[in-house]
Amino acid sequence: MSIVVQKYGGTSVADAARISNVARRIVETFDGGQQVCAVVSARGDTTDELTRLAREVSPRPPRREMDMLLSAGERISCALVAMAVERLGRPAVSFTGSQAGIVTDTEHGNAEILEVRAHRVQEALECGQIVLVAGFQGVSTENQVTTLGRGGSDTSAVALAHALGAKICEIYTDVDGVYTANPSVVAGARRIPEVTFDEMIELTAAGAEVLALRSVVLAQRHQLPLRVCSSFTRAEGTLVRAGPMAAPDRVCGVAYTTDEVVLTINGMADRSALRCVSDALLAAGVSLQHIAREPEGALSLILTEEETLRAEDALSPLQAAMQLSYSPDTSTSRVAVVGRAVHTDEKVLQAMCGALERKKVPARWVDASPSCLSCLVPRQRVEAVVCAFHDALRLGIAPALG
Ligand code: ADP
Ligand code: ASP
Ligand code: MG
């Protein structure tokens, strides 16, 4: 009997009616003769609400306790889905990440999956049960509850799909696939029928939250295709797959971030200061993504909010000794165009520059990666820039076949 691993996102299980809808879809697959393991996210805005509540109680809550708190969101929804499946007359059992055998490292809040010991899930499937797993969480090698970072249920699903030997992992969400830009921002965005792992990694790294970056990296490592589709429709969605490589003239989409911080550190005229700062940041687990084109003696990094706190903790002891100063800037967003063509076709850069000029938006260019070109723009203009890039590159128009 073949096995299907499905993942249902937060919007798809937001209320009782949607939970019943998800249960019906799961049962349909099960009745079609397949074993079903479904990974479920926390309902609606639960994770955000719990995070807000924690901050009201403590401005910098201990990371272990945050994981205890946030993991509860997924635990609630997967038990509810199990109840809804049982109500439809099919046997179901729900597991926490720990019970499902998801073993992670000890990095609270952003843990990485090291191994999946799926025997308990496997046994339940073999007994004819539908298995629901709480996404976004695991148990660390030190036996603590951990969470996998925002969007982490996608990663749980991919890891389980691989461990259980599924041929594909189905990601059900509130859009019917991966689009050329966030469809809730760009009205003319177009669904992309197929993207390669490489393209999807660039899109998610640049902020397309439809999949979590780590889930795509993991899927690529295991060569496990993903299908992204809507939990509300029957549309075919988007297939995320291994080669063949995308065409060299392909521009795949536009993505953006609104939660990054640009941390500028001044006072590093000499190499030893630069080394000292880099060592301190790396030791604190801060990734060093340099922004090009800073004046000499300054270094700008693009960081998550969480990394910024860690960077500030690492830099504050150096401040007086080395006459460093640093300032976090949250008024900027990064907009990226993704596709192999960004470095092979100069028209892409020209179109982006033209769009920025027409919109009169000042921009700073960021270190490029092989198929991504990105710039920093004022945060309040980010959506306008995304639309302008999408328009200038004519991404809403499907490329001609052949
Ligand atoms: P889930 O809760 O199902 O995991 P997410 O909110 O994490 O869903 O991801 C789905 C959302 O991603 C969509 O509602 C859409 O607004 C956003 N999104 C951003 N970029 C894209 C894109 N390129 N294609 C599709 N959706 C995108
Ligand atoms: N509930 C978590 C989040 O909101 C994980 C997930 O949805 O995948 O980020
Ligand atoms: Mg998500």
Taking a 1.4 Å probe, which of 105, 67, 249, 174 shows the most accessible area, and what order do the others take after it? 249, 174, 105, 67
If you roll a 1.4 Å probe over segment 39-79 with all protein chains in place, what percent of the accessible area is carbon or sulfur? 54 percent
Full extension from residue 142 to residue 353: what is 0.36 nm times the residue separation minus their Cα-Cα distance, to one decimal in nm? 70.9 nm
Rh (Kirkwood, all Cα-Cα pairs) for the chain, Å, reads 22.4 Å
Order these peptides, 141-148, 240-247, by their mean beta-carbon neighbour count within 10 angstrom, highest first. 141-148, 240-247
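Restricting to DSSP loop positions (anything but H, G, I, E, B) with no more than 16 other Cβ atoms inside 10 Å of their own Cβ, which GluC sites (Glu not before Pro) remain in segment 275-357?
296
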The lysines whose Cα lies under 25 Å from the Cα of residue 359, excluding any fewer than 8 residues away in the same chain, are 347
Between the alpha carbon centres of segment 4-43 and segment 251-311 the gap in Å comes to 40 Å
Spin-label point model (7 Å from Cα, Cβ direction): what's the residue 264 to residue 330 distance in nm? 1.8 nm
antiparallel share of DSSP beta bridges within segment 55-184, to nearest 5, in %, is 50 percent
For residue 126 and residue 230, what is the calculated FRET efficiency with R₀ set at 22 Å and r taken between the beta-carbons, to the nearest 0.05? 0.10
Additional length obtainable on full extension of the chain from residue 217 to residue 298, 0.36 nm per residue less Cα span: 26.0 nm
For a paramagnetic label modelled at 7 Å from the Cα of residue 184 toward its Cβ, which residues of segment 361-393 fall within the zone defined by backbone nitrogen distances under 15 Å? 383
What spacing in nm lies between the two simple spin-label points modelled at residue 90 and residue 107, each 7 Å away from Cα in the Cβ direction? 3.5 nm
In Å, the C-alpha Rg and Dmax of segment 24-78 are 15.9, 50
In whole Å, what is the distance between the alpha-carbon centres of segment 353-402 and segment 80-107? 42 Å
Filtered hits (lysines, Cα-Cα < 27 Å from residue 7, offset >= 8 within chain) -> 167
The percentage of Cα-Cα pairs in segment 72-186 separated by more than 20 Å is 45 percent
So, taking all protein chains as they sit and a 1.4 Å probe, how much accessible area belongs to residue 324, in Å² rounded to tens? 10 Å²
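Given a 1.4 Å probe and every protein chain left where it sits, what share in percent of the accessible area of segment 264-402 is carbon and sulfur?
That share works out to 53 percent.
Calculate, for the chain, the solvent-accessible area per residue in square angstrom, rolling a 1.4 angstrom probe over the heavy atoms of the protein chains. Numbers along the way, then the final one.
Details: 18710 Å² over 402 residues.
Per-residue accessible area for the chain comes out at 47 Å².
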Accessible surface, 1.4 Å probe, highest first, among residues 316, 184, 230: 184, 316, 230
Residue-count net charge about residue 214 - beta-carbon cut-off 11 Å; Lys, Arg +1, Asp, Glu -1: 0
Separation between the residue 319 and residue 290 pseudo-spin-labels, each 7 Å from Cα along Cα→Cβ, expressed in nm? 2.5 nm
Leaving out ligands, DNA and RNA but keeping every protein chain, what accessible area does residue 347 have, in Å² rounded to the nearest 10, with a 1.4 Å probe? 130 Å²
Using a 7 Å offset from Cα along Cα-Cβ at residue 1, what residues in segment 144-165 end up with backbone N under 20 Å from the label point? 160-165
Calculated FRET efficiency, residue 346 and residue 245, Cβ-Cβ r, R0 22 Å, to nearest 0.05? 0.60
Percent antiparallel among DSSP beta bridges confined to the chain, rounded to 5, stands at 55 percent
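The values are calculated or read from the model by the stated rules, or taken from the named source; none is laboratory data. Given the structure is predicted, the values throughout are model-derived calculations rather than measurements. No Cβ is skipped: glycine too gets one built from the backbone with ideal geometry, and neighbour counts run over all protein chains shown. Side chains are part of the model used for accessible areas, which takes the heavy atoms of the whole protein and leaves out ligands, DNA and RNA. Shrake-Rupley method; radii C 1.70, N 1.55, O 1.52, S 1.80 Å.
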